[in-house]
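Notes for the one structure printed next.
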Amino acid sequence: MRLALAAVLLTTATACVTINIYFPAAAAEKAADRIIEEVWQLQESSRPAAEASDAAEGESKQ
Amino acid sequence: MNIKRWIAVLLLAFSSALAAQGNLEIDSPAIAALKGAMQQRHARLAPLYAAGAVGQAADGTIALRDASSVPLAQRGQVNSLIAAENADRLALYREIARANDHPEWEADVRRTFAQRWIDRAQPGWWVQRGGSWVRK
């Protein structure tokens, strides 16, 4: 009985390690959404239209 | 008695494994710097997205979709804007994989982002789906 339980525990532990090697797709999606919201500033969804005009100026830094 | 202890250990192992998978680390200084740069650049890119000149490509980058909607004199600037954004996006994917101690996840991170940029693109923007450009 104890041997069987030890086997189960060992299998579970190995399985956990294996799972961690796989890419956590759901967590990645959540992380991506958080970053996209910040970069695109989606919280305050209505950007002032005035900002749109300075795109025509292009990137002065380059 | 002994069995109970085994079960407790088992449950503990499970819960810690689940907790470890809840989130991806995205708070490194390198990631913060890239986010800041991209956020600033977005003010110039957003009108190009809206005009359809630039679209969200299927590979997690942005691409010049319709050069004719950009005046000739500004094409060089738009191209360097796109190049700068793409360099930051690729660096972001790499840094996220590295921050989580799995550099080999870079391609998966990129694939995830590619899908999310397209899903979250605003109405009127162009996105690449199945090899062709679609207006949202």
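The numbers here are math on the coordinates, done by the rules we state, and not lab data. This is a predicted model, so every value here is computed, not measured. Heads up, the Cβs are rebuilt from the backbone with ideal geometry, glycines too, and the neighbour counts pull from every protein chain shown.
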Pop out the ³J(HN,Hα) list for the range B:70-83 in order, Karplus 6.51 cos²θ - 1.76 cosθ + 1.60 with θ = phi - 60°, rounded to Hz; leave Gly and Pro as x. 10, x, 3, 5, 9, 4, x, 5, 5, 4, 6, 5, 5, 5
How large is the dipole of the range B:18-130 about the Cα centre if only Lys and Arg carry +1 and Asp and Glu carry -1, each at its Cβ, rounded to the nearest 20 debye? 440
Charge tally for neighbours of B:G52 with beta carbon under 13 Å away, counting Lys, Arg as +1 and Asp, Glu as -1, is +2
Nothing charged except the Cβ atoms of Lys and Arg (+1) and of Asp and Glu (-1): what's the magnitude of the dipole of the range B:93-132 about its Cα centre? Round to the nearest 20 debye. 220
Mind checking the angle between helix B:106-120 and chain B's longest principal axis? C-alpha axes, 0 to 90 degrees, to the nearest 10. 60
For helix B:2-20, what angle does its Cα long axis make with the longest principal axis of chain B, in degrees from 0 to 90 and rounded to 10? 10
Say the dipole of the range B:57-122 comes from +1 at the beta carbon of Lys and Arg and -1 at that of Asp and Glu; which of B:G76, B:G60, B:A87 then lies farthest toward its positive end? B:G76
Based solely on its DSSP helices, what 222 nm [θ] is calculated for chain B when runs of n ≥ 4 H residues each add -39,500 (n - 2.57) and the sum is averaged over all residues, nearest 500 deg cm²/dmol? -21000 deg cm²/dmol
Normalised contact order of the range B:28-135, rounded percent, pairs of Cα under 8 Å and 6 or more residues apart: 34
Which angle from 0 to 90°, rounded to the nearest 10, does the C-alpha axis of helix B:29-51 make with the longest principal axis of chain B? 40
